[in-house]
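Here is the structure we will look at.
The values are calculated or read from the model by the stated rules, or taken from the named source; none is laboratory data. Bear in mind that the values here come from a model prediction, so they are computed numbers and not experimental data. We place every Cβ from the backbone using ideal geometry, glycine too, and count neighbours over all the protein chains shown. Each accessible area value is taken on the protein alone, full model and side chains, heavy atoms only, with ligands, DNA and RNA left out. Shrake-Rupley method; radii C 1.70, N 1.55, O 1.52, S 1.80 Å.
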Amino acid sequence: MPPNGNQTALPDGRDWTGWLFVLIAVAAVVVVLYASHSTGSRGPRHAHARPVAPPADVVPEVAPMELAPVTEDDARAQNAEVALITKGFVAARPFVYAGGGDAKARARDCLAAAMLYEAGDDAKGQQAVGQVVINRARHPAFPKSICGVVFQGSERTTGCQFTFTCDGALNRRYSDAAWQRARNNADMMLSGGTYPPVGLATHYHTDWVRPYWSDSLEKIAIVDTHLFFRWPGYWGTPGAFRGAVSGSDGPVAKLAAISPLHAIALGLPTDLATGVDANAAVGEARVVAGAGESAGRDTIYTQLDRKAAPESFVTTALRLCGDKPYCKFMGWTNPTLKPNSDAMSDTQRAAMTFSYLRDDKAGFEKALWNCSEYKRDDARQCMKR
């Protein structure tokens, strides 16, 4: 009998319970290491977890398009495991643009650019993208204009909602025929056309990537290699899509190279063959001669052109900041109130028209406008007063 009455001995008399404990411990370590390796290589996995609905009385925040570090094959596998939600699927109501004339034509070109550069020269894919843009414009979480939705976040090198607006894609050119087909499709979407297969989707991504936000939304449609999502709960129901959409879209500097109507409104040449760079500062807000003194290599005080489009201030800031890892840019349209150092009065600070701050070390980049001077569709772009 074992010495303590509760131990087991090997035939040769040795106690084996200690060896059993060691084997169990080794097995546990192996399991933990395997699980850690799987999570590290494939990213976070919540494919079977039900998304949590945001509170119905709080407008949800729009997350940036940040991708989990997974391979394309792993992304496809994880995306395939996410259940397709068909309950409560509702097609979007027809949308008719409220404005007319040049405003509608500028909105059409913003929408056409999103459709073409996001989906290529494919009518079905373009209409799916166009429906998402219109859904966003109707939803209180997004800007209330077509161009505002398409170019949301494009003033930053990261954080844009549609990647073509900030990754240099607009420097590539499609054929004139492809551009015209996209404009025709955009005209149709702004005149009551709908694309029912994507319902009330406000988000989408290709099946070979995994945005961090995808697990917080419901997958409701698949169009070729694109997956479409809505918010769970109230914010994904028809009642949330009743916001008034602006009928007075203004010009966007980044579209000047391909859209004559945007170029005209910005005072740029309309001859597209001249190769106007969509990211250039020609004809946009400029540093007025003798007024662009620099106070230190990282801080720029600038007089801005009052007649320039407010979106163009971003282009000027990016051009003057160049590749500096830290840059603070401040601009005034009132030359008499532009200071030459940080020692500015409260009056001067309140009169600031536009500011841009980049801090690569902190991973921060932000552009803000004086919304009492230039109205913005997204209140988060307004300076705090």
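Each label was represented as a point 7 Å from its Cα along the Cα-to-Cβ direction; for Lys307 and Ala350 these points are 2.9 nm apart.
Ordered from highest to lowest accessible area with the whole protein assembly present and a 1.4 Å probe, Arg210, Arg50 read as Arg50, Arg210.
Remark: the range 173-178, residue by residue, has Karplus-estimated 3J(HN,Hα) of 10, 8, 5, 4, 5, 5 Hz, where x stands for each Gly or Pro and the curve is 6.51 cos²θ - 1.76 cosθ + 1.60 at θ = phi - 60°. In the context of the full protein assembly, Tyr326 retains an accessible surface of approximately 80 Å², using a probe radius of 1.4 Å and ignoring ligands and nucleic acids.
Rolled with a 1.4 Å probe across the full set of protein chains, the surface gives Phe89 an accessible area near 80 Å². Going by accessible surface with a 1.4 Å probe and the largest first, Lys338, Lys361 read Lys361, Lys338.
Hey, if we sort Cys166, Cys110 by accessible area with the 1.4 Å probe, largest down, what's the order?
Values: Cys166 35, Cys110 0 Å².
Listed by decreasing accessible area, they come as Cys166, Cys110.
Amide H contacts for Leu200 (H built 1.01 Å from N in the peptide plane; partners 5 or more residues away or on another chain; cut-off under 5 Å): Val90. Please label the shape of the range 105-204 as rounded, prolate or oblate, based on the square roots a ≥ b ≥ c of the eigenvalues of the alpha-carbon gyration tensor (a/c under 1.5 means rounded; beyond that, a/b larger than b/c means prolate, else oblate). It is oblate, given that a/c is not under 1.5 and a/b is not larger than b/c. In order along the range 300-312, the phi-based Karplus estimate (6.51 cos²θ - 1.76 cosθ + 1.60, θ = phi - 60°) of 3J(HN,Hα) comes to 10, 10, 9, 8, 9, 7, 4, 7, 6, 5, x, 5, 6 Hz; Gly and Pro are listed as x. If you find the alpha carbon centre of the range 50-81 and of the range 117-155, how far apart are they in angstrom? The range 50-81 and the range 117-155 have Cα centres separated by 18 Å. Only protein heavy atoms count here; under a 1.4 Å probe, Ile222 has an accessible surface of about 100 Å².
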